[in-house]
Amino acid sequence: SNKSFEQKNPLSSKERKECITKALKEFKIDNYKIFYVPDINNHSKYVDHVLKIVGKFSIIATGNPIVLKTFKDYNSKKPWNIESFQEQSGRPGGEITASEIRKKWLKRSSRKDLPSSIFNYLKSINFSNRLKETSNNH
């Protein structure tokens, strides 16, 4: 949540929350809570860091292989239900990742692989220009 306007994190945390909220609403999912968890760049302390911010929870959804491994390896008394986008081929969007979406948008904005609510939101904030700006900074 603490990174934005970068090549790998072109959206602010508020904009990412807006995308997640719109997609969940579009898929009629209403039992969730979104937390801002800043990166600490320390894998061995990451789960404890998340627990301090979030408290108890039962489900983790991630497409990040490092986060997935960190939570799987953590010695928890009660295991979490981990929804891994890396391992789950039948999920909405298939195997698409944020990196793939950014690559495609740099060439041409596309509805493919995105819920319409997110596509429309990204168009409304001129996501194409944001990507060009952040990719030029690197």
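The values are calculated or read from the model by the stated rules, or taken from the named source; none is laboratory data. Since this is a predicted model, take the numbers as computed values, not measurements. Just the protein is used for accessible areas: all its heavy atoms, side chains included, with ligands, DNA and RNA removed. Shrake-Rupley method; radii C 1.70, N 1.55, O 1.52, S 1.80 Å.
Helix 43-54: angle to the longest alpha-carbon principal axis of the chain, degrees 0 to 90, nearest 10?
Its long axis makes an angle of about 90 degrees.
Let me have the 222 nm mean residue ellipticity of the chain computed from DSSP H runs of 4+ only, each contributing -39500 (n - 2.57), with the sum over all residues rounded to the nearest 500.
Working: 6 runs with 64 residues, N = 138.
Using -39500 (n - 2.57) per qualifying helix, the result is -14000 deg cm²/dmol.
Give the angle, between 0 and 90 degrees and rounded to the nearest 10, that separates the Cα long axis of helix 13-26 from the longest principal axis of the Cα atoms of the chain.
Approximately 90 degrees, to the nearest 10.
What accessible area per residue, rounded to a whole number of Å², is obtained for region 1-67 using a probe radius of 1.4 Å? Write out the running numbers ahead of the final one.
Working: 4840 Å² over 67 residues.
Per residue, region 1-67 has an accessible area of 72 Å².
Take the residue pairs Lys28/Lys107; Lys3/Lys103; Lys52/Lys123; Lys8/Lys45; Lys17/Lys104 and return only those whose Cα atoms are more than 28 Å apart.
Lys28/Lys107; Lys52/Lys123
Show me, bin by bin at 10 Å from 0, the whole-percent P(r) of region 28-79 based on Cα pairs.
Answer for region 28-79: a P(r) of 20, 59, 19, 2 percent.
For Ile60, enumerate residues with amide H under 5 Å from its amide H, sequence gap 5+ or separate chain, H modeled in the peptide plane.
Sorted by chain and number, the residues that satisfy this are Asn81, Ile82, Glu83.
Using the Kirkwood radius over Cα pairs, work out the Stokes-Einstein diffusion coefficient for the chain at 4 °C and 1.567 mPa s, in µm²/s as a whole number.
79
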